[in-house]
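Written out below as structure tokens is the structure these notes cover.
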2 protein chains.
Amino acid sequence: MAVTYPYLLLDKGKCLENIKKMVNKAKKNNLKLRPHFKTHQSIEVGTWYKQLGVDTCTVASFPMAKYFASGGWNDITVAFPVSIFDVEIINSIGQQINLNITTSSYKNLNSITNADIHRKLGIYIELDCGHGRSGLSPDNNREIALMVNLIEQNKYFHLKGFITHAGHTYGAESIEEVEVMHRKALKLLSQIKLFWNESYPEISISYGDTPSCSISEDFYGVDEIRPGNFVFYDVTQASIGSCTHKSIAIALICPVVDVYSERGEATIRGGAVHLSKDFILLPNGSKSYGLICPFNGKKWEQPIEGLWLKSISQEHGVIASKDADIISKLKPGQLVAILPVHSCLTVDTMGELFLSDGTSISTMRKRGNNN
Amino acid sequence: MAVTYPYLLLDKGKCLENIKKMVNKAKKNNLKLRPHFKTHQSIEVGTWYKQLGVDTCTVASFPMAKYFASGGWNDITVAFPVSIFDVEIINSIGQQINLNITTSSYKNLNSITNADIHRKLGIYIELDCGHGRSGLSPDNNREIALMVNLIEQNKYFHLKGFITHAGHTYGAESIEEVEVMHRKALKLLSQIKLFWNESYPEISISYGDTPSCSISEDFYGVDEIRPGNFVFYDVTQASIGSCTHKSIAIALICPVVDVYSERGEATIRGGAVHLSKDFILLPNGSKSYGLICPFNGKKWEQPIEGLWLKSISQEHGVIASKDADIISKLKPGQLVAILPVHSCLTVDTMGELFLSDGTSISTMRKRGNNN
């Protein structure tokens with residue numbers, strides 16, 4: 001079949017490098033690495049972790065847990081608060097899989113305690129370390145104690161520990177800001193571990209977003225980390241300081257369809273159905289939906305200075321520059337590589353990753369037809 | 001198989017009502033209706049148009065043209081500027097299909113004139129009537145004449161007319177504002193028609209975004225309209241004034257996973273991988289990624305006043321209210337229906353539409369696994 005555009009290209013070398021670095025960092029800090037697989041959603045990419053000794057993973061849903069269980073993963077944490085609608089699929093995942101679930105409050109846990117669950121489940125209590133989205137305040141000892149009590153009363157439940165996602169680090173604008181958030185989170189987590197360790201010596205603290213895990217060298221009190229995005233990284237992570245543009249392992253390959261030199265713009269085939277709609281704000285106040293790199297048909301080079309993807313609609317992207325000369329070098333029919341602002345969403349939207357040898361890797365949410 | 005959440009529910013009655021209204025408006029104004037199928041991307045929804053006598057359609061890509069050709073559509077316009085990478089698939093679409101393509105400039109057209117195209121193609125020249133994204137300025141007679149010349153010289157090319165998308169109406173904040181943009185576009189289009197009509201009496205003016213086509217009753221000089229979004233409508237269209245909330249025909253059914261009464265928020269399973277990331281700004285300055293409706297398992301009711309979807313991440317949504325009482329009525333394990341901000345992207349992201357009888361309709365970009 002003919003290649004249709006846009007397609008998502010994965011630089012396997014960069015991806016393996018990203019995985020290796022995180023595996024080594026976890027080892028060095030004596031942390032279990034339980035990478036979040038929602039970024040790549042692919043059994044094949046999962047095997048690249050396995051080859052480096054990683055045998056536990058994190059997922060965003062029970063269908064995703066089932067998918068990776070079918071791919072040989074037998075120790076999986078679902079890092080999204082459970083709901084009554086998950087019970088049927090929970091029961092359908094074989095007992096031989098260590099399945100850990102997340103619960104974000106007493107109300108949330110209570111909503112499933114009388115459900116007909118008949119398999120063992122490790123339970124993580126979710127704490128909110130500053131993100132403000134989901135989970136309990138770490139100083140809410142009363143509610144945590146009530147939850148521990150509910151867990152104790154259920155023969156299928158086993159308290160695994162506390163889980164948190166310091167997702168507010170995604171809003172940081174420098175590595176220093178990430179470090180401040182990270183240290184605050186570590187302090188809160190150490191306190192709660194100290195409090196519960198006496199009754200539950202096996203209790204585990206599960207932590208770790210990509211910015212903290214990429215930037216920091218201190219994980220005091222933490223037992224496992226769950227970064228996901230680092231496997232591919234993206235423009236957001238580069239702007240925070242988690243990585244350089246060179247570490248970004250995926251790019252959307254798009255045809256330039258027209259060039260409007262007079263207004264310093266060019267249109268590409270490549271829009272929200274390919275990249276999704278996350279953007280970053282540039283120092284000049286413009287939105288950027290991606291960075292534009294030269295592409296030779298096999299590999300992309302570093303982003304072209306002074307060019308950015310200023311807007312996207314469903315299928316169109318508009319590249320902008322303040323320098324008419326840069327835009328004028330683009331030609332209709334040329335291919336460019338777009339470094340995505342948010343790789344997790346771009347992978348989810350596309351559903352398939354192409355390698356430089358022309359083969360492709362399907363994700364769990366592969367499309368019937370990709371264009 | 002168990003239903004997994006979230007899923008996208010289609011109210012077929014509302015959808016048929018939306019289609020009928022537009023069919024009647026086109027008839028009344030003596031316009032050909034060539035609806036854009038990028039919103040529903042589904043052969044089955046296409047048949048609902050056929051049953052009302054619509055036999056021409058618009059698509060966003062050549063793979064989409066091929067998909068609808070396989071579903072019995074034999075007069076299709078691809079309303080996206082052509083590129084050299086489309087040639088192979090253009091040639092693979094059978095000669096019995098009337099296939100019209102779009103070209104946005106002389107440079108764009110020139111990029112394919114020497115390609116090995118060997119099927120007849122209707123050619124639309126794209127004009128920019130104020131949107132500022134793609135196409136020529138309507139007063140650029142010199143470049144248009146050069147393009148007409150190139151078309152004349154190619155034995156497979158046949159000049160169909162001028163095409164424009166007044167997409168700037170999506171930024172309008174009232175029906176009056178849409179009318180102003182619409183009248184300006186009509187004036188430009190009438191002038192260009194007058195200019196070219198003498199040499200090309202069959203020339204067609206193809207126009208029409210959902211706001212203009214929903215709101216206006218005057219289409220002087222226009223031959224065909226191509227609205228797409230109106231088939232389902234969405235919160236953006238309701239905020240412009242193209243429709244009421246009652247006409248919105250799709251909703252994402254999501255479980256409430258937790259309730260944080262103290263901060264007036266609740267979390268749902270439902271995020272960017274389901275809704276995509278378009279938002280509108282509310283009068284109170286907050287972003288809204290959707291409106292929240294009560295749901296009884298079959299049908300949704302009108303949006304709950306004072307509630308909105310204030311943020312979404314990959315899988316989470318956060319519902320907010322300024323009124324703690326409204327939030328406190330939500331319970332973990334309850335289902336809510338979310339009216340999407342941009343139905344085209346939500347349908348594309350989900351890839352499958354469920355009807356109230358539990359059956360489902362696949363889109364062209366159906367997922368291997370939807371959750």
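When B:SER311 is tested against (1) in a strand (DSSP E or B); (2) more than 11 Å from chain A (Cβ to nearest Cβ), exactly one condition is not met: (2).
Just to be sure, is A:GLY241 of a type outside the set (A, V, I, L, M, F, W, C), within 14 Å of chain B (Cβ to nearest Cβ), surrounded by fewer than 22 Cβ atoms within 10 Å (Cβ to Cβ) and at positive phi? It is false that A:GLY241 is of a type outside the set (A, V, I, L, M, F, W, C), within 14 Å of chain B (Cβ to nearest Cβ), surrounded by fewer than 22 Cβ atoms within 10 Å (Cβ to Cβ) and at positive phi. Of the residues A:VAL59, A:VAL82, A:VAL78, the single one that is within 8 Å of chain B (Cβ to nearest Cβ), within 25 Å of the chain's Cα centre (by Cα) and surrounded by 22 or more Cβ atoms within 10 Å (Cβ to Cβ) is A:VAL82. Scanning segment B:151-188 for residues that are within 21 Å of the chain's Cα centre (by Cα) and over 16 Å from B:CYS213 (Cβ atoms) gives B:PHE162, B:GLY171, B:GLU173, B:SER174.
Of the residues in segment A:319-337, how many are in contact with a helix residue (DSSP H, G or I) (Cβ under 7 Å, 6 or more places away or on another chain) and more than 14 Å from chain B (Cβ to nearest Cβ)?
Total satisfying the criteria: 2.
Scan segment B:292-303 and give yes if some residue there is away from every other protein chain (no Cβ under 11 Å), free of Cβ contacts under 8 Å to residues at least 40 places away in the same chain and under 21 Å from A:GLY132 (Cα atoms), otherwise no. Taking every residue of segment B:292-303 in turn, none turns out to be away from every other protein chain (no Cβ under 11 Å), free of Cβ contacts under 8 Å to residues at least 40 places away in the same chain and under 21 Å from A:GLY132 (Cα atoms). Candidates are the residues of segment A:116-132 that are within 12 Å of chain B (Cβ to nearest Cβ) and buried (at least 17 other Cβ atoms within 10 Å of the Cβ); the one that is nearest to A:LEU186 (Cα to Cα) is A:ASP128. Among the residues in segment A:171-193, are any of a type outside the set (A, V, I, L, M), within 25 Å of B:ILE268 (Cα to Cα) and assigned by TED's automatic domain parsing to the domain that holds A:ARG119? Yes, segment A:171-193 has at least one match.
Results for (1) crowded, with 20+ Cβ neighbours inside 10 Å; (2) assigned to a loop (DSSP other than H, G, I, E, B), shown as yes or no for each residue.
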{"site": "B:HIS168", "(1), (2)": "yes, no"}
{"site": "B:VAL180", "(1), (2)": "no, no"}
{"site": "B:ALA185", "(1), (2)": "yes, no"}
{"site": "B:ILE192", "(1), (2)": "yes, no"}
{"site": "B:SER214", "(1), (2)": "yes, no"}
{"site": "B:ASP218", "(1), (2)": "no, yes"}
{"site": "B:PHE230", "(1), (2)": "yes, no"}
{"site": "B:VAL257", "(1), (2)": "yes, no"}
{"site": "B:THR267", "(1), (2)": "yes, no"}
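Here the condition is being out of contact with any Ser or Thr (no Cβ under 9 Å at 6 or more places or on another chain) and of a type in the set (A, V, I, L, M, F, W, C); of B:ILE250, B:ILE203, B:ILE225, it holds for B:ILE203 alone.
The values are calculated or read from the model by the stated rules, or taken from the named source; none is laboratory data. All values reported here derive from a predicted model rather than from experimental measurement. Every residue, glycine as well, gets a Cβ built from its backbone with ideal geometry; the counts of neighbours run over all protein chains shown.
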